[in-house]
Amino acid sequence: MFEGGVGLKRICTLGVFFLGASFIFGSFSYKEEIMPKVVEHDIIRFHVIAASDTPADQELKLRLRDEVLTYLYPKLKPVKSREEALNIIKDELPHINAVAQNYLKTQGKDIGIKVEMGKFYFSERSYGEYIVPAGYYDALRIKIGKAQGQNWWCILYPRLCFADWGRIEPSHVKSYYLKSFFFKKFKKTIKKG
């Protein structure tokens, strides 16, 4: 039936290959389900630090955050890349500062505020189902008063701040991380080979 066992060897080899492939892909998808997704450093963070830990200052921090996100949402909505988002935020810094200053004035608060864009160190944090490793990240940072209170942060790019805020579909976020995850795995495989 098979000449010299070549056909049988071919069938066995293919069988072992498909069995191995299904094991690898099966365990890969299983790991993806149980392991948290790790967000790498290709993100832009938004960080607001309250003047103090008093309830009033913490509430002010959150309301100021909402004002800035309301301002930034239409500007960042069409963004397709990290670099584009970074450029828009840098260009908008004077306007973001004005939004923050005006909000404080409407609240009768006469405290200093510092709005800055830069690379800042952040410790490891979890963000829903994602883990953001410790490290230096590009971030829009707003310090209110002496900035000695608890902070609030989110990810401006990709637009996770707005997903939390109910302004974008979560599918946008998941597809970004899925693409990013597979691309990074592919790059690691190529580098090893």
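Any residue in the range 133-143 that is on the phi > 0 side of the Ramachandran plot and either modelled with pLDDT under 85 or not in a loop (DSSP other than H, G, I, E, B) (or both)?
yes
Would you please list the contacts, defined by Cβ atoms under 8 Å and residues six or more apart or on different chains, that run from a residue in the range 77-88 that is in a helix (DSSP H, G or I) to a residue that is among the hydroxyl-bearing types (Ser, Thr, Tyr)?
These pairs meet every condition: Arg82/Tyr157; Ala85/Tyr157; Leu86/Tyr157.
Does the range 117-130 contain any residue that is surrounded by 12 or more Cβ atoms within 10 Å (Cβ to Cβ), modelled with pLDDT under 85 and in contact with a Pro (Cβ under 8 Å, 6 or more places away or on another chain)?
Yes, some residue in the range 117-130 is surrounded by 12 or more Cβ atoms within 10 Å (Cβ to Cβ), modelled with pLDDT under 85 and in contact with a Pro (Cβ under 8 Å, 6 or more places away or on another chain).
I'm trying to understand the selection: among the residues of the range 37-61, which are under 24 Å from the mean Cα position of the chain (by Cα), closer than 24 Å to Tyr136 by Cα, modelled with pLDDT of 95 or more and not in a strand (DSSP E or B)?
Hits for the range 37-61 are Ala50, Lys61.
Check the range 94-117 and report whether any residue there is in a loop (DSSP other than H, G, I, E, B) and closer than 16 Å to Phe46 by Cα.
No, because not a single residue in the range 94-117 is in a loop (DSSP other than H, G, I, E, B) and closer than 16 Å to Phe46 by Cα.
Applying the selection to the range 59-81, what residues are surrounded by fewer than 16 Cβ atoms within 10 Å (Cβ to Cβ) and in contact with a strand residue (DSSP E or B) (Cβ under 7 Å, 6 or more places away or on another chain)?
Leu62
Do the conditions hold for Pro78, that is, is it touching a His at 6+ places or on another chain (Cβ under 9 Å), at pLDDT below 95 and not aromatic (Phe, Trp, Tyr)?
So Pro78 does not fit the description; no.
The values are calculated or read from the model by the stated rules, or taken from the named source; none is laboratory data. Given the structure is predicted, the values throughout are model-derived calculations rather than measurements. Positions of Cβ are generated from backbone atoms using ideal geometry, with glycine treated the same way; all protein chains shown enter the neighbour counts.
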